[in-house]
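In what follows, a structure is listed as structure tokens, so that the remarks can point back to it.
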Amino acid sequence: MRLKEVIKRLSEMRPDMIVKGGFIGPGHCDRGDYADIAFDPVDEAWIGDMLESAKGVIGQTRTGYKGGTYTIDEFTKVRIGYWGQVGEEIGDIHFRYWMLTGKGVVMVEKTVIEAVQETRRFLKTVDTARKERDPKSWADQYSGDKWTAAIKRASMDLTRKLAELRSGK
């Protein structure tokens, strides 16, 4: 796929989405064809960072593995691979995979909200058990002030992290 198409397709995706098998970095000449640009593969990458990397190479020059300089333009083929190795050309399959494995801030936020809600439900259960003083209740053995305080701290930490996610920090 050509650089202009990669940029177009990445621009259509959410920049806050984290995908598996992405790329990052300033790019380098691919070993298979020095005129192609290759980016280093990473286990997980933000779409916004991948887009920034792709846009950032337009007009730049790179040195081939065995020499020569190559100017990157929007018609340059894009690959994912390490320096000195033949990379894999980015194609439709990569974008399908990224869409399937993508996790956005919305998903992370939902997980944090669910964790906060679950913590609050647990605290209510503990408080209810303490009030009823049910000696057979499993919660009774964990109802000490230290345990309750630790759970409340964890709940507050999750709430703070949610606020940070929403503000973009």
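Details
- Against the list (1) among the hydrophobic types (A, V, I, L, M, F, W, C); (2) in contact (Cβ under 8 Å) with a residue 40 or more places away in the chain; (3) closer than 20 Å to Ile93 by Cβ, the condition Cys29 fails is (3).
- Candidate set: the range 75-86, residues that are in contact (Cβ under 8 Å) with a residue 60 or more places away in the chain and surrounded by 14 or more Cβ atoms within 10 Å (Cβ to Cβ); chosen: the one nearest to Ile24 (Cα to Cα): Val78
- Pair list, Cβ under 9 Å, 6 or more apart: the range 1-19 residue under 18 Å from Gly56 (Cβ atoms) and free of Cβ contacts under 8 Å to residues at least 40 places away in the same chain, other residue of a type in the set (Asp, Glu) and surrounded by fewer than 18 Cβ atoms within 10 Å (Cβ to Cβ): Glu5/Glu74; Pro15/Asp49; Pro15/Glu52
- Filter pass, Arg31 being among the basic types (Lys, Arg) and modelled with pLDDT of 95 or more: no
- Those residues of the range 21-47 which are surrounded by 21 or more Cβ atoms within 10 Å (Cβ to Cβ) and outside any strand (DSSP E or B), in sequence order: Asp30, Asp36, Ile47
- Flag for Arg62 being under 30 Å from Glu164 (Cα atoms) and surrounded by 14 or more Cβ atoms within 10 Å (Cβ to Cβ): no
- Test: Met50 is in a loop (DSSP other than H, G, I, E, B), within 15 Å of Phe95 (Cβ to Cβ), aliphatic (A, V, I, L, M) and modelled with pLDDT of 90 or more: no
Residue-by-condition table, conditions (1) modelled with pLDDT under 70; (2) more than 24 Å from Lys8 (Cβ to Cβ):
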{"position": "Gln60", "(1), (2)": "no, no"}
{"position": "Thr69", "(1), (2)": "no, yes"}
{"position": "Gly102", "(1), (2)": "no, no"}
{"position": "Val106", "(1), (2)": "yes, no"}
{"position": "Ala129", "(1), (2)": "yes, yes"}
{"position": "Ser143", "(1), (2)": "yes, yes"}
{"position": "Arg166", "(1), (2)": "yes, yes"}
{"position": "Lys169", "(1), (2)": "yes, yes"}
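The values are calculated or read from the model by the stated rules, or taken from the named source; none is laboratory data. Everything quoted here is computed from the prediction, not taken from an experiment. With ideal geometry, Cβ positions are generated from the backbone for all residues, glycine too; neighbour counts draw on all protein chains shown.
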